[in-house]
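Trainee: This is the structure I have questions about; it appears just below.
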Amino acid sequence: MSLLLRALIRIRPQIFGRGECPDSAVHRGQHTAADEALIVGSSSELVRRLRSQVEVRPGFITAEEEEAFLKELHPGLRKKRYEFDHWDNAIHGFRETERLSWSPPCQEVLNRVRSVAFPLGGPLLGPVHVLDLDKAGYIKPHIDSIKFCGCTITGLSLLSDSVMRLVKEDAAQEWLDLLLQRRSLYILRDEARYRFTHEILRDEESVFKGEKVPRQRRIAVICRNLPS
């Protein structure tokens, strides 16, 4: 694993120097009924408060675009073993890589991701993080390092539906659950990125609105911006 990937994730890190994305106001009020159906929380007030900071966009990519990513990623990922003892205990049952260059079809999708997720003209973290979770894998509650990552995190979900849970770091009774359908895009900004841990639930716990969400192998293609 590269030093960069090792630096990106920390379990419940110390909080300091957190602000709002420069163009956060641009994204406010852009949610649709479909978005809201994929986000539930501990209270309707919390969902309203974070609605400009948490997005789930279903069907963001097509089956053909998903297949393009899988075809490009498979040769490298198949050479790696799934790890069940992450160096800081943040992830269980995973393998990962990072990529700077992509085929034109994948690059076109990533350009689209960046255009909807990040402040216009802001600096982006160069490598794209690819995280491959085994069916039995899961991601524990964490906040991405604020030393290397800026105000926005966004990811494509490939191969499987899953449930992402956000929990306020200093108030565990405040939480959101996000249904990340296969081929959807999620976006976390500002308070949701800085003050809430996020995790991908293991298969045994993968429930949304009382309904089981079966977990299969899941690949996330994750983009981040740089701290301002």
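The values are calculated or read from the model by the stated rules, or taken from the named source; none is laboratory data. Every value quoted in this text rests on a predicted model; they were computed, and no experiment measured them. A quick note on method: Cβ atoms are made from the backbone with ideal geometry, for glycine too, and the neighbour counts reach across all protein chains shown. The protein model used for the area step is the full one, side chains on, heavy atoms only, and it has no ligands, DNA or RNA in it. Shrake-Rupley method; radii C 1.70, N 1.55, O 1.52, S 1.80 Å.
Trainee: Within the stretch 69-90, count every residue that is more than 15 Å from Arg182 (Cβ to Cβ) and either among the charged types (D, E, K, R) or in a helix (DSSP H, G or I) (or both).
Mentor: Within the stretch 69-90, residues that are more than 15 Å from Arg182 (Cβ to Cβ) and either among the charged types (D, E, K, R) or in a helix (DSSP H, G or I) (or both) number 14.
Trainee: What is the residue count in the stretch 81-111 for residues that are touching a residue at least 40 places away in the same chain (Cβ under 8 Å), more than 22 Å from His198 (Cα to Cα) and open to solvent by 50 Å² or more (accessible area, probe 1.4 Å)?
Mentor: The number of residues fulfilling the criteria is 1.
Trainee: Name the single residue that is most open to solvent (accessible area, probe 1.4 Å) among those in the stretch 120-134 being aliphatic (A, V, I, L, M) and not in a strand (DSSP E or B).
Mentor: Per the criteria, the residue is Leu120.
Trainee: Note down all Cβ pairs under 8 Å where the first residue falls in the stretch 112-127 and is over 16 Å from Leu156 (Cβ atoms), the second is β-branched (Val, Ile, Thr), and they're at least six residues apart or on different chains.
Mentor: So the pair list comes out as Pro119/Val26; Pro119/Thr152; Leu120/Val26.
Trainee: What's the number of the condition Thr97 fails, among (1) more than 16 Å from Glu72 (Cβ to Cβ); (2) of a type outside the set (A, V, I, L, M, F, W, C); (3) in contact with a Gly (Cβ under 8 Å, 6 or more places away or on another chain)?
Mentor: Single failed check for Thr97: (1).
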